[in-house]
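Readers should treat all values here as calculations from the given coordinates under stated rules, not as data from a laboratory. Here the structure is a predicted model, which means the values were calculated and not measured. Don't worry about glycine lacking a Cβ; one is built from the backbone with ideal geometry, like all the others, and counts go over all protein chains shown.
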Ligand code: DGP
């Protein structure tokens, strides 16, 4: 997908829009989500222009995930008694609404009530079929 330099996070990176910045590094910016799922909900973004995980360079992604880990550990310290959810969405079908790659780092205390896990175990045939589907797709990459 092409990158739209007018997206909100690009504008925050350029200083055209305000944000509650938590930390800026050479390669990343961490700031508070304006519509938090919970207190402390932060976003970690790369400075490289990439709409989603498919398009970012491996080097920039390494820097980004290292910063995500750092923020997750800080969040765990700052919000004791919480676990930390790290969430990243790709494509509007998956719920992505801002098309500059970002990781959500969210202190979370509602455990299994979050509803992320599926309800029931799938049957073996279905699991095998979907494993095969992913293996075939992986085999097309160098
Ligand atoms: P996603 O659905 O994964 O693309 O998440 C986008 C998040 O961005 C969403 O949780 C709300 C947040 N957001 C949207 N507009 C702004 C903004 O102008 N400033 C900040 N700080 N966050 C924003």
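Dividing the summed -39500 (n - 2.57) terms of all DSSP H runs of n ≥ 4 by the residue count of the chain sets its mean residue ellipticity at 222 nm at -9500 deg cm²/dmol.
The fraction of Cα-Cα pairs per 10 angstrom bin, counted from 0 for the range 4-120, comes to 13, 45, 33, 8, 0 percent, rounded to whole percents. Between residue 94 and residue 17, the simple spin-label model (points 7 angstrom out along Cα→Cβ) gives 2.1 nm. For the chain, the longest principal axis of the C-alpha atoms and the axis of helix 124-138 are separated by about 60°.
Note on the range 85-140: Kirkwood hydrodynamic radius from all Cα pairs is 14.5 Å, rounded to one decimal. The percentage of C-alpha pairs in the range 37-92 whose separation is greater than 16 Å is 47%. So how tilted is helix 58-78 from the main axis of the chain? Cα-based, degrees 0 to 90, rounded to 10. Here the helix axis deviates by roughly 80 degrees. Under 18 Å from a label point set 7 Å out along the Cα-to-Cβ vector of residue 61, the amide N atoms of the range 88-125 belong to 88-92, 94, 96, 99-104.
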